[in-house]
């Protein structure tokens, strides 16, 4: 499976994603510059983390207008798998590929730590390599990672099974104490209604090697690949 990893001015996790994906059997990854206009030849798209355009105006607000994002929208509309990680999640929300928004963490501080995540569904192409209820140990690193949506949107996300990951404690309990940023309903990752676009604040590419303290991030990428 051939992944495209987008590069915006200010991206800083693109290299991590390419490195992690190229180490997984059955996967290969290449960079795609934000001024490119085509995703021809690719099987999946990764919108990586970082600080696209310096996070000016609002996280992801400028990146949504990059030429490549029109191609991403068309790719997603055709059913192709798209995953947005951290700033990538913010960009996907800004361009309307995912509902809701990412706002300032409730304590107004940047957080960088390993967190526990509960897998809510295993019938998604992004989480099928894990089991429902499984606890993943994956790091976060963000200042605007608080997922916000109105009650009607949250009700739809729950009803449609669009919430794929929730912040929890090591025992699997999703509580206010285990919520690192104030996200509504402890949401750490959601998919679109069609099921082929996934956004999450945690960084699976930083949990793909034992040297990094966890390999739980592999489950996300292996799910996309189908391993």
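Figures for the structure shown
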{"read-out": "Count - residues of the stretch 50-65 that are farther than 14 Å from residue 89 by Cβ, touching a helix residue (DSSP H, G or I) at 6+ places or on another chain (Cβ under 8 Å) and at pLDDT 95 or above", "value": "1"}
{"read-out": "Residue 101 being farther than 24 Å from residue 3 by Cβ and modelled with pLDDT of 95 or more", "value": "yes"}
{"read-out": "Residue match in the stretch 110-127 (condition: touching a helix residue (DSSP H, G or I) at 6+ places or on another chain (Cβ under 7 Å), touching a residue at least 40 places away in the same chain (Cβ under 8 Å) and surrounded by fewer than 18 Cβ atoms within 10 Å (Cβ to Cβ))", "value": "yes"}
{"read-out": "The stretch 201-212, residues that are farther than 13 Å from residue 147 by Cβ and either in contact with a helix residue (DSSP H, G or I) (Cβ under 9 Å, 6 or more places away or on another chain) or crowded, with 21+ Cβ neighbours inside 10 Å (or both)", "value": "203, 204, 205, 206, 207, 208, 209, 212"}
{"read-out": "Filter pass, residue 66 being crowded, with 20+ Cβ neighbours inside 10 Å, closer than 23 Å to residue 182 by Cβ and more than 14 Å from the chain's Cα centre (by Cα)", "value": "no"}
{"read-out": "All positions within the stretch 149-172 that are over 15 Å from the mean Cα position of the chain (by Cα) and outside any loop (DSSP other than H, G, I, E, B)", "value": "151, 152, 153, 154, 155, 156, 157, 158, 159, 168"}
{"read-out": "Residue count for the stretch 74-116, restricted to those that are over 14 Å from the mean Cα position of the chain (by Cα), closer than 19 Å to residue 127 by Cα and in a helix (DSSP H, G or I)", "value": "1"}
{"read-out": "Filter result for the condition that a residue is without any contact (Cβ under 8 Å) to a residue 40 or more places away in the chain, more than 18 Å from residue 146 (Cα to Cα) and either in a loop (DSSP other than H, G, I, E, B) or more than 17 Å from the chain's Cα centre (by Cα) (or both), over 71, 61", "value": "71"}
{"read-out": "Top-ranked residue in the stretch 135-148 [being part of a loop (DSSP other than H, G, I, E, B) and without any contact (Cβ under 8 Å) to a residue 60 or more places away in the chain; ranked as nearest to residue 173 (Cα to Cα)]", "value": "145"}
{"read-out": "Residues (closer than 14 Å to residue 116 by Cα and either in a loop (DSSP other than H, G, I, E, B) or without any contact (Cβ under 8 Å) to a residue 24 or more places away in the chain (or both)) located in the stretch 201-214", "value": "201, 202, 203, 207, 213"}
{"read-out": "Positions within the stretch 30-58 being crowded, with 23+ Cβ neighbours inside 10 Å and in a helix (DSSP H, G or I), in sequence order", "value": "52"}
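Yes/no per residue for (1) in a strand (DSSP E or B); (2) buried (at least 21 other Cβ atoms within 10 Å of the Cβ):
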position: 174; (1), (2): no, no
position: 178; (1), (2): no, no
position: 199; (1), (2): yes, yes
position: 216; (1), (2): no, yes
position: 223; (1), (2): no, yes
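The values are calculated or read from the model by the stated rules, or taken from the named source; none is laboratory data. Given the structure is predicted, the values throughout are model-derived calculations rather than measurements. With ideal geometry, Cβ positions are generated from the backbone for all residues, glycine too; neighbour counts draw on all protein chains shown.
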